[in-house]
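Here is the structure we will look at.
Rule-based calculations on the coordinates, nothing more; no lab input. The shown structure was predicted, so the numbers you read here are calculated from the model rather than taken from an experiment. FYI the Cβ positions are ideal-geometry reconstructions off the backbone, even for glycines, and counts take in every protein chain you see.
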């Protein structure tokens, strides 16, 4: 009788433990499923919010080609060059008063000739400009970000940009303006130019230059809500 009475008791205990394990497993599965669903809902909501906000911002311009000094075979600068202080808060827009170049080979030749003229005729330490923009839509590195531009004793926080060509009777090429906009946008992002930069010109009687300078300054200021 003792054997017969104890056997059901052992069986009942075993069944109870199995039932407990099953219930715990089901509970864990439900908790895991709930957590996963919550993560998916939060992720989807965040993605939809960011997507809805994306259309409110103007796309960043990035399409410009930088031609380095090494590529256009620049001569080394002279000993009198002065370091440029970054970030700059003023940009000086100039024109080179040379024929408008349309191909990279013609623009490279013009930049080389300008450097030789500035060094050996004007007796300056290097080409006068920090960067130049060709009619081919490329940006050519002059003194770059390292050295101060040469312009009537201007202070070291001015970046001098030059358009290759002569623009008394016609505006700069759209490819030149687009390249400048992209260049300035990236330069602000890299903290080389202040967000609320001022653009000045050294040809105040040239309406094409004044219009271009206004367009550049307005673009940067609008981008950065100045």
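Here are a few things to note about the model shown:
- The slack between residue 157 and residue 106, meaning 0.36 nm per residue of separation minus the straight C-alpha distance, is 15.3 nm.
- Of the three principal axes defined by the Cα atoms of the range 65-223, the extents in descending order read 40, 33, 29 Å.
- If the chain linking residue 86 and residue 222 were pulled fully straight, counting 0.36 nm for each residue of separation and taking away their Cα-Cα distance, it would gain 46.8 nm.
- Between residue 117 and residue 207, the contour length at 0.36 nm per residue exceeds the Cα-Cα span by 29.7 nm.
- At R0 = 30 Å, FRET efficiency that the Cβ-Cβ distance of residue 214 and residue 79 yields, to 0.05: 0.20
- Most simply put, the range 65-223 has about 20% antiparallel DSSP beta bridges, counting only bridges with both residues inside it.
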